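First the structure, in the form of C-alpha cells, and then the observations on it.
Please treat every number below as a calculation from the coordinates, not as lab data. Because the structure is predicted, anything quoted here is derived from the model rather than measured. A quick note on method: Cβ atoms are made from the backbone with ideal geometry, for glycine too, and the neighbour counts reach across all protein chains shown.
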Amino acid sequence: MSTWKMLLAFAPWIAVWVIGGGHSLFRLQLAIGIAAVLVVVLAAARLHRGAILWAGAIFFAVAAVAVIGFKNMWFIRHFGILAHGTLLVLTAGSLAIGHPFTEDYARQNYPPEVWTQPAFRRRCQVVAGIWSVAFALNLLFSLALLYGLTVGEWTQRGIELGLMAGAIVAASRYLEYAKRAEASATASDHE
C-alpha cells in the first residue's frame, strides 16, 4: 500500500485535525462537515475501504448530529478521545477478527492468488498493528489532555499528526524490509 493511498484513506481525519483546531466551534463544525463529505466522496470513488471507511462513516455521521446539529458540549469536549477511540476500536477489531483493515487496501495492488499467502497476510497484520499502536498513543494523549496535560495548540497538533506520520514511516519501512527479506529468501531458494 502506497503512502499516498494511506494518506488519502485518512484524509477526512486529517482534515478535522487541521481545520478543526483552535478552539472554535465554527471551525470544528466546518471540519466535521468537510470530513463527512470526504468520506462519502472517497467511498463513492472506491478509494476508501473497510474499517477506516466504516470508522469515518460512523464517527462523522454521529459527530455531524452531535456537533453541527446539537452543539453538544460533552461530545465536543471528548472529541479527540472519541475520534481516536473509534479508529483504535475498528483497526484493532479488524486484527482481532483476522481481517486487518490494511488488507482491503493491499488487495488493490496484488492479484487474488497472493491474498491467501502467509507473507501477504503477515504484512497486512503488522501494518495494521502499527496503525493500531499509533491510534492507541493518540487516544492516550487525548485522555491526558482531557485530564490535565496542558500543551499549546501547535504542540498538540504536532504530536497528533507526528504520531500519524510516524505510523506512515514505520509502515513504509516495514514493507520495504519485508519485500527485501522475501526477495532474499526467494533468491536463496533458487541457488
(request) Give me the distance in nm between label points sitting 7 Å out from Cα along the Cα-to-Cβ direction at residue 154 and residue 37, one decimal. (result) 2.9 nm
(message) Relative contact order for the chain: what percent, with Cα pairs under 8 Å and sequence separation of 6 or more?
(response) 21 percent
(request) Please state the charge dipole magnitude for the chain, taken about the Cα centre, from unit charges on C-beta atoms (+1 on K and R, -1 on D and E), reported in debye and rounded to the nearest 20. (result) 380 debye
(request) Could you work out which residue, out of 172, 24, 94, moves most in a Gaussian network model of the chain, that is, has the largest mean-square fluctuation with Cα springs under 10 Å? (result) 24
(message) Using each residue's phi in the stretch 149-159, evaluate 6.51 cos²θ - 1.76 cosθ + 1.60 at θ = phi - 60° and report the 3J(HN,Hα) Karplus result to the nearest Hz, with x for Gly and Pro.
(response) 5, 10, 9, x, 4, 5, 5, 4, 4, x, 5
(request) For the stretch 67-80, just list the computed ³J(HN,Hα) in residue order, Karplus coefficients 6.51, -1.76 and 1.60, θ = phi - 60°, integers in Hz, with x standing in for Gly and Pro. (result) 8, 6, x, 10, 6, 5, 5, 4, 4, 5, 5, 9, 3, x
(message) Output wanted: per-residue J couplings in Hz (rounded whole) for the stretch 27-33, from phi through Karplus 6.51 cos²θ - 1.76 cosθ + 1.60, θ = phi - 60°, x for Gly and Pro.
(response) 5, 5, 4, 4, 4, 5, x
(request) Quickly rank 82-88, 149-155, 39-45 as a protection proxy: mean count of other C-beta atoms within 10 Å, highest first. (result) 82-88, 39-45, 149-155
(message) As I understand it, the dipole of the chain uses +1 on the Cβ of Lys and Arg and -1 on the Cβ of Asp and Glu, about the Cα centre. Which of 24, 125, 83 lies farthest toward its positive end?
(response) 24
(request) Find how many whole Å separate the alpha carbon centroid of the stretch 133-191 from the alpha carbon centroid of the stretch 50-81. (result) 24 Å
